[in-house]
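The values are calculated or read from the model by the stated rules, or taken from the named source; none is laboratory data. No experiment lies behind these values; they were computed from the predicted model shown. Glycine gets a Cβ as well: all are built from the backbone with ideal geometry, and neighbour counts include every protein chain shown. Remember, those area values only see protein heavy atoms, side chains included, never the ligands or the DNA or RNA. Shrake-Rupley method; radii C 1.70, N 1.55, O 1.52, S 1.80 Å.
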Amino acid sequence: MHCLRSLFGLGLVTLCLSGVMWGCVSGYQVGVGRADCTGPPVEIHFMGYANIKQVGRGLHLRQFARAFVVEDENHKRVAFVSVDAGMMGYGVKREVVKRLQARYGDIYTTDNVVISGTHTHGGPGGFLMHLLYDISILGFVPQTFEALVQGCYLSIKRATDNMVDGKIFLSRTTILNVNINRSPTSYLRNPEEERAQYEHDVDKTLTQLRFVDLDNNLLGAFNWYAVHPTSMNNTNKLVTSDNMGYAAILLEKEYNTNKVPGKGKFVGAFCSSNLGDVSPNIMGPRCSISGNECDLLTSKCPQKEGECFASGPGRDMFESTEIIATRLTEGALRLLNENSQEVTSREIIGELGYIHQFVDMPNYNGSTYNPLQRKLDKIRGCLPAMGYSFAAGTTDGPGAFSFEQGTITGNAMWNAVRDFIVPPTQEDITCHSPKPILLATGRATFPYEWQPKIVSTQLLKIGDVILSAVPGEFTTMAGRRLRNKISAVAVATGGRDTEVIIAGLSNIYTSYITTPEEYQAQRYEAASTIYGPNTHTIYMDVYEQLTKAMIRGERLSPGPAPPYMNDRMLSMNTGVIFDGHPIGKDFGYVKQQPKKAYQINETVIVSFIAGNPRNNLFPEKTYFVVERKINEERWKVAYTDASWETK
């Protein structure tokens, strides 16, 4: 039955056949690589929950960038990076491409490199270069920016250095008990006949690309699954890659025997997809004091029953992270031990493609077919703006004050605050309706852009697989519609069935993308759909044109490039002002020694005087090691600061 589910998902009978190939050599060169990209683990606010109290106090799991590179017989090349970060900023990608071109010339460009954030909410922020996204971090953090840039660059460099003749396989499996929809009432706004096509209100399919050499030695596996890495909640203050990052560590541990995290040849990644309305907290939202269910529409609790907070499946956030990560890893391992469809073109072995275009969203004008009235409707984008429900937060991380999800009317006091900052025009209000505007971010220009107006849209094609790199968090149905659209256009244009993978939070961050129907509900995701009710419809139009042009081999206008703002960044974060040690106790002095022996499940606690870790991030290294005694003369490293077992 598991095989049948996979067959129906693929629409192919070859998944369960052994050794299905359309040529003795694939025509690909493939390479995988990994690099440390951990930012400052202390004194910097985390990116994700926008919680001013969530300031780093240490390290649990290091952040890594994981890359694959593929080249075909015509020397056309694509590169994809999945990085343990909240999302991706265009300034980071631009600098990564600049460093690649300094080393490799024009082999790597904006067009053929995708960088996708896993969306962990437990990493240091300050790298997005747009004021709204960096303001809760107290501005730009050069150290975070540099760590991400160098990590992404090194991962692609190592993948390039590791390139060998190889093959790529595609496989899929269903994983249950990992995700739920955190805005189910919004999902129900979508047409009933559309919802009837799907068993669940979130995607339960894990899609895997497996990379092997010509002797079928496993090189790496990249897995896409739709779930927020928010098992670690907004009280966490230790740098973490959360459930997706730990799943990658567990997968790599299976094939990099006796290696510590971040070491070994095999590269395993878990990548973001259409996760906009998808939570890993599968026990669902409850009132924190009473334990009663929250209101479905507003995600609020009565005054004395506490905050509406989702949790689970573990007893605490660490156990929940471990459980979700383990279930994801087990699904990926099932696929690695099964046969799968080889990813290649049946007609031209090793055919690759890529296309990229910048789009001016507020000035986008197009048309879309209205099936109810059987006519073309004109569509346009809006200047970026955030709605009231944005401030309400989500059940994974509630917001502040008295804001509620599902708010479709304004408030005189908050409108006055909004207008003091920058008032929206009547045109803005009409354009975003029914969203009541809380922040007219598109009108704000001081000290620089608050949210992007120019977005990055991109496709990579590897045989009959298309990676759709989207610049934000598509909800479940928004992602399904986009996948179906790209697949249908690919068939109509090229005559071939195509597997489409949504690669979320890629290249630049623009918050959320809901369907037009979900937008009407104005829950958190809709209030954070920044270009108005036609946002998703515009993307459907843009990616249709990208797909047609890529398959036909046509070139599109590159579009207007995002503004260069590196020289305008502001920050209220200071450097390390003073770093010292107590008199008579130098750096390295052990304040609390370990005991001579421990029982199983007992925690070892050691405390020593150290310098501020912001003085040296120790990339590719570790702040400490735990060693196991092998014999009287030899010790072996068992754990580092990147290990799950250490904090």
Of the criteria (1) of a type in the set (Gly, Ala, Ser); (2) on the phi < 0 side of the Ramachandran plot; (3) without any contact (Cβ under 8 Å) to a residue 40 or more places away in the chain, which one Ser273 fails: (3)
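Look through Glu404, Glu427 and report the one residue that is at pLDDT 95 or above, closer than 22 Å to Ala527 by Cα and outside the structural domain of Ser273 (by the TED database).
Working: Glu404 fails: at pLDDT 95 or above.
Only one candidate passes the filter, namely Glu427.
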Per-region count, segment 526-559, residues in contact with a helix residue (DSSP H, G or I) (Cβ under 7 Å, 6 or more places away or on another chain), within 23 Å of Gly494 (Cα to Cα) and open to solvent by less than 10 Å² (accessible area, probe 1.4 Å): 3
Ile466 outside any loop (DSSP other than H, G, I, E, B), within 20 Å of His536 (Cα to Cα) and at pLDDT 95 or above: yes
Only listed residue being at pLDDT 95 or above and part of a loop (DSSP other than H, G, I, E, B), chosen from Gly532, Gly584: Gly532
Neighbours by Cβ (under 8 Å, 6+ apart or cross-chain): first from segment 225-254, open to solvent by 20 Å² or more (accessible area, probe 1.4 Å) and among the basic types (Lys, Arg); second in a loop (DSSP other than H, G, I, E, B) and modelled with pLDDT of 95 or more: Lys237/Gln54; Lys253/Lys259; Lys253/Pro261
Which numbered condition Cys24 misses (of (1) at pLDDT below 95; (2) open to solvent by less than 40 Å² (accessible area, probe 1.4 Å)): (2)
Lone unmet requirement of (1) in contact (Cβ under 8 Å) with a residue 24 or more places away in the chain; (2) open to solvent by 70 Å² or more (accessible area, probe 1.4 Å) for Val637: (2)
Residue list for segment 365-401, restricted to those being of a type in the set (Lys, Arg) and either surrounded by 16 or more Cβ atoms within 10 Å (Cβ to Cβ) or modelled with pLDDT of 90 or more (or both): Arg380
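Residues in segment 563-570: is at least one open to solvent by 70 Å² or more (accessible area, probe 1.4 Å), of a type in the set (D, E, K, R) and under 30 Å from Phe390 (Cβ atoms)? Walk me through it before giving the result.
Applying the first criterion (open to solvent by 70 Å² or more (accessible area, probe 1.4 Å)) to segment 563-570 yields 564, 567-568, 570.
Add one more test, that the residue is of a type in the set (D, E, K, R), and what stays is 567-568.
Still in the list and also under 30 Å from Phe390 (Cβ atoms): 567-568.
Yes - at least one qualifying residue is present in segment 563-570.
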Residues of segment 107-136 satisfying the condition of being within 26 Å of His60 (Cβ to Cβ), in a loop (DSSP other than H, G, I, E, B) and of a type in the set (Phe, Trp, Tyr): Phe127
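Does segment 569-578 contain any residue that is part of a loop (DSSP other than H, G, I, E, B) and farther than 30 Å from Met129 by Cβ?
Within segment 569-578, the first condition is being part of a loop (DSSP other than H, G, I, E, B), and the residues that meet it are 569-570, 572-578.
Still in the list and also farther than 30 Å from Met129 by Cβ: none.
No, every residue in segment 569-578 fails to be part of a loop (DSSP other than H, G, I, E, B) and farther than 30 Å from Met129 by Cβ.
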Condition broken by Phe420, with the remaining ones in (1) assigned to a loop (DSSP other than H, G, I, E, B); (2) among the aromatic types (Phe, Trp, Tyr); (3) over 27 Å from the mean Cα position of the chain (by Cα) satisfied: (1)
Close pairs from segment 614-625: first modelled with pLDDT of 95 or more, partner open to solvent by 70 Å² or more (accessible area, probe 1.4 Å), Cβ under 6 Å, at least 6 apart: none
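Just to be sure, is Arg523 touching a helix residue (DSSP H, G or I) at 6+ places or on another chain (Cβ under 9 Å) and either open to solvent by 60 Å² or more (accessible area, probe 1.4 Å) or among the β-branched types (Val, Ile, Thr) (or both)? Outline the logic, then answer.
Working: touching a helix residue (DSSP H, G or I) at 6+ places or on another chain (Cβ under 9 Å): yes; either open to solvent by 60 Å² or more (accessible area, probe 1.4 Å) or among the β-branched types (Val, Ile, Thr) (or both): no.
So Arg523 does not fit the description; no.
Being outside the structural domain of Gly86 (by the TED database), of a type in the set (Gly, Ala, Ser) and crowded, with 22+ Cβ neighbours inside 10 Å, is that true of even one residue in segment 471-486?
No, every residue in segment 471-486 fails to be outside the structural domain of Gly86 (by the TED database), of a type in the set (Gly, Ala, Ser) and crowded, with 22+ Cβ neighbours inside 10 Å.
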Selected residue (criterion: least open to solvent (accessible area, probe 1.4 Å)) from residues of segment 599-634 that are over 29 Å from Gly125 (Cα atoms) and among the charged types (D, E, K, R): Glu602
Residue that is farthest from Tyr519 (Cα to Cα) [pool: residues in segment 425-449 that are out of contact with any helix residue (DSSP H, G or I) (no Cβ under 7 Å at 6 or more places or on another chain) and hydroxyl-bearing (Ser, Thr, Tyr)]: Thr445
Matching residues, segment 479-527, being at pLDDT below 95 and assigned to a strand (DSSP E or B): Glu499
Residues of segment 316-341 classified as at pLDDT 95 or above, of a type in the set (Ser, Thr, Tyr) and open to solvent by less than 20 Å² (accessible area, probe 1.4 Å), total: 3
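Does segment 255-282 hold any residues that are outside any loop (DSSP other than H, G, I, E, B) and either in contact with a Phe, Trp or Tyr (Cβ under 9 Å, 6 or more places away or on another chain) or open to solvent by 10 Å² or more (accessible area, probe 1.4 Å) (or both), and which are they?
Of all residues in segment 255-282, those outside any loop (DSSP other than H, G, I, E, B) come to 255, 267-271, 278-279.
Residues satisfying the conditions are Tyr255, Val267, Gly268, Ala269, Phe270, Cys271.
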Residue match in segment 221-237 (condition: closer than 14 Å to Val30 by Cβ and in the same structural domain as Leu59 (by the TED database)): yes
Tally, over segment 575-598, of residues that are open to solvent by less than 80 Å² (accessible area, probe 1.4 Å) and of a type in the set (Ser, Thr, Tyr): 1
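Here is a list: Ile462, Ile421, Ile437, Ile429. Which entry is touching a Pro at 6+ places or on another chain (Cβ under 7 Å) and among the aliphatic types (A, V, I, L, M)? Working first, answer last.
On the way: Ile462 fails: touching a Pro at 6+ places or on another chain (Cβ under 7 Å); Ile421 fails: touching a Pro at 6+ places or on another chain (Cβ under 7 Å); Ile429 fails: touching a Pro at 6+ places or on another chain (Cβ under 7 Å).
Among Ile462, Ile421, Ile437, Ile429, only Ile437 is touching a Pro at 6+ places or on another chain (Cβ under 7 Å) and among the aliphatic types (A, V, I, L, M).
Do we have any residue at all in segment 289-307 that's assigned to a loop (DSSP other than H, G, I, E, B) and in contact with a Pro (Cβ under 6 Å, 6 or more places away or on another chain)? Full working, then the answer.
Start the filter on segment 289-307 by keeping residues that are assigned to a loop (DSSP other than H, G, I, E, B), which leaves 289-292, 294-302, 306-307.
Filter once more, keeping what is in contact with a Pro (Cβ under 6 Å, 6 or more places away or on another chain): 294, 307.
Looking for residues that are assigned to a loop (DSSP other than H, G, I, E, B) and in contact with a Pro (Cβ under 6 Å, 6 or more places away or on another chain), one finds at least one in segment 289-307, hence yes.
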Residues of segment 187-224 classified as assigned to a loop (DSSP other than H, G, I, E, B) and open to solvent by less than 10 Å² (accessible area, probe 1.4 Å), total: 2
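Results for (1) open to solvent by less than 10 Å² (accessible area, probe 1.4 Å); (2) not in a loop (DSSP other than H, G, I, E, B), shown as yes or no for each residue.
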| site | (1), (2) |
| --- | --- |
| Ile44 | yes, yes |
| Tyr49 | no, no |
| Arg57 | no, yes |
| Val70 | yes, yes |
| Phe80 | yes, yes |
| Met87 | yes, no |
| Leu100 | yes, yes |
| Gly105 | no, yes |
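Looking at this structure, is Asp36 among the acidic types (Asp, Glu) and within 26 Å of Gly276 (Cβ to Cβ)? Please lay out each step first, then the result.
Numbers: among the acidic types (Asp, Glu): yes; within 26 Å of Gly276 (Cβ to Cβ): no.
Judged against the criteria, Asp36 is not a match.
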